[in-house]
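Reading through the structure tokens given below for one structure.
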Amino acid sequence: MVKLEVYNLDREPVCLLNNAFNISEELNINALWYFDFSIPANDPKIEYCNAYWYVRCNDGELYRMFPAGFDDSNDMPYYTYHCEHVLANLLNKTIPGVLQIGGYYEQTADAIERLLALQDVEEWVLYECDFSRRFEYGFEKENLLAAIFSIPRCFNEPYIWITDTTVFPWRLSLKYFDETADPVVNVRY
């Protein structure tokens, strides 16, 4: 059975969605993750499926929820929800004007921390960074997520962004990605 837990805007658990179906998760390396599900229209817990509230599947990553549609074409009408990883909260903040960071005196971790310091509310912190490059970056009226994701693009080594949403503030790590390692496969129902 799939455990689908809903949290309010204060990240407090409010209910389990026992009747959810059509559950799917899209996990792409170095990109925003997505999660979709449906719930019957007559489910009383639908009152907890509000825009920007959070949902977590099987104690995994945390997603923010958005109503995506209503289908009444068959015997059981249902609502669908499209969710994006809470990393998308960084889309809400735009860098004001022009910002130049990095250079000789700032390593990669310093540049990421300077961008994360622009959050109105500290939701994300840098946890680990395997790189210590001293590149200079310039941003103009970009959202924080795009700016942060652009930092390692000029590296000559593979990298991966890793998140931890089991703690708050949520943790973001930039790790070296070993392309020669044996793949790890996790199978979930």
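So who's got an amide H within less than 5 Å of the one on Leu4, skipping anything under 5 residues away but keeping other chains? H placed 1.01 Å off N, in plane.
Placed amide hydrogens put Leu17, Asn58 under 5 Å from Leu4.
Check each of the chymotrypsin sites (Phe, Trp or Tyr not before Pro) in region 1-54 and keep only those in coil by DSSP with at most 16 other C-beta atoms within 10 angstrom; list them in order.
Tyr52
So, with +1 on the Cβ of K and R and -1 on the Cβ of D and E, and no other charges, what is the size of the charge dipole of the chain about its Cα centre, to the nearest 20 debye?
Value, rounded to 20: 260 debye.
For region 149-159, just list the computed ³J(HN,Hα) in residue order, Karplus coefficients 6.51, -1.76 and 1.60, θ = phi - 60°, integers in Hz, with x standing in for Gly and Pro.
Karplus-based 3J(HN,Hα) across region 149-159 equals 5, 7, 4, x, 4, 8, 6, 9, 10, x, 9 Hz.
Considering amide H positions built from the backbone, and no H for Pro or chain starts, which residues 5 or more places from Asn143, or on another chain, come under 5 Å of its amide H?
Ile95
Write down the accessible area per residue of region 1-103 in Å², having rolled a 1.4 Å probe over the full set of protein chains.
51 Å²
Can you give the convex hull volume of the alpha carbon atoms of the chain per residue, in Å³? Write down the numbers at each step before the final one.
Numbers: hull volume 25.8 nm³, N = 189.
Residue-normalised Cα hull volume stands at 137 Å³.
Find how many whole Å separate the alpha carbon centroid of region 14-44 from the alpha carbon centroid of region 116-189.
When both Cα centres are located, 24 Å separates them.
Tell me what the chain gives for mean residue ellipticity at 222 nm when only DSSP H runs of n ≥ 4 count, each as -39,500 (n - 2.57), the sum divided by the residue total, rounded to 500 deg cm²/dmol.
Using -39500 (n - 2.57) per qualifying helix, the result is -2500 deg cm²/dmol.
So what's the projected area for region 1-100, the Cα convex hull averaged over all directions, in nm²?
Details: hull surface 33.4 nm².
The orientation-averaged projected area of the Cα hull of region 1-100 comes to 8.3 nm².
Distances over 20 Å make up what percent of all Cα-Cα pairs in region 79-189?
46 percent
Taking H placed 1.01 Å from N in the peptide plane, check which residues at least 5 places from Cys129 or on another chain put their amide H under 5 Å from its amide H.
Result for Cys129 returns Leu174.
Does anything in region 108-141 have its amide N under 16 Å from the 7 Å Cα→Cβ label point of Ser173, and if so which residues?
The answer is 109, 125-132.
Could you calculate the contour length gain from Asn74 to Ala51, that is, 0.36 nm times the residue separation minus the distance between their Cα atoms, to one decimal place in nm?
5.8 nm
Note down the relative contact order for region 1-125 as a percent, whole number, built from C-alpha pairs under 8 angstrom at least six residues apart.
RCO, region 1-125: 20 percent.
The values are calculated or read from the model by the stated rules, or taken from the named source; none is laboratory data. The model shown is predicted, which means the values in this text are computed figures rather than measured ones. Note that each Cβ is placed from the backbone with ideal geometry, even for glycine, and that neighbours are counted across all protein chains shown. Heavy atoms of the whole protein, side chains included, go into the accessibility calculation; ligands, DNA and RNA do not. Shrake-Rupley method; radii C 1.70, N 1.55, O 1.52, S 1.80 Å.
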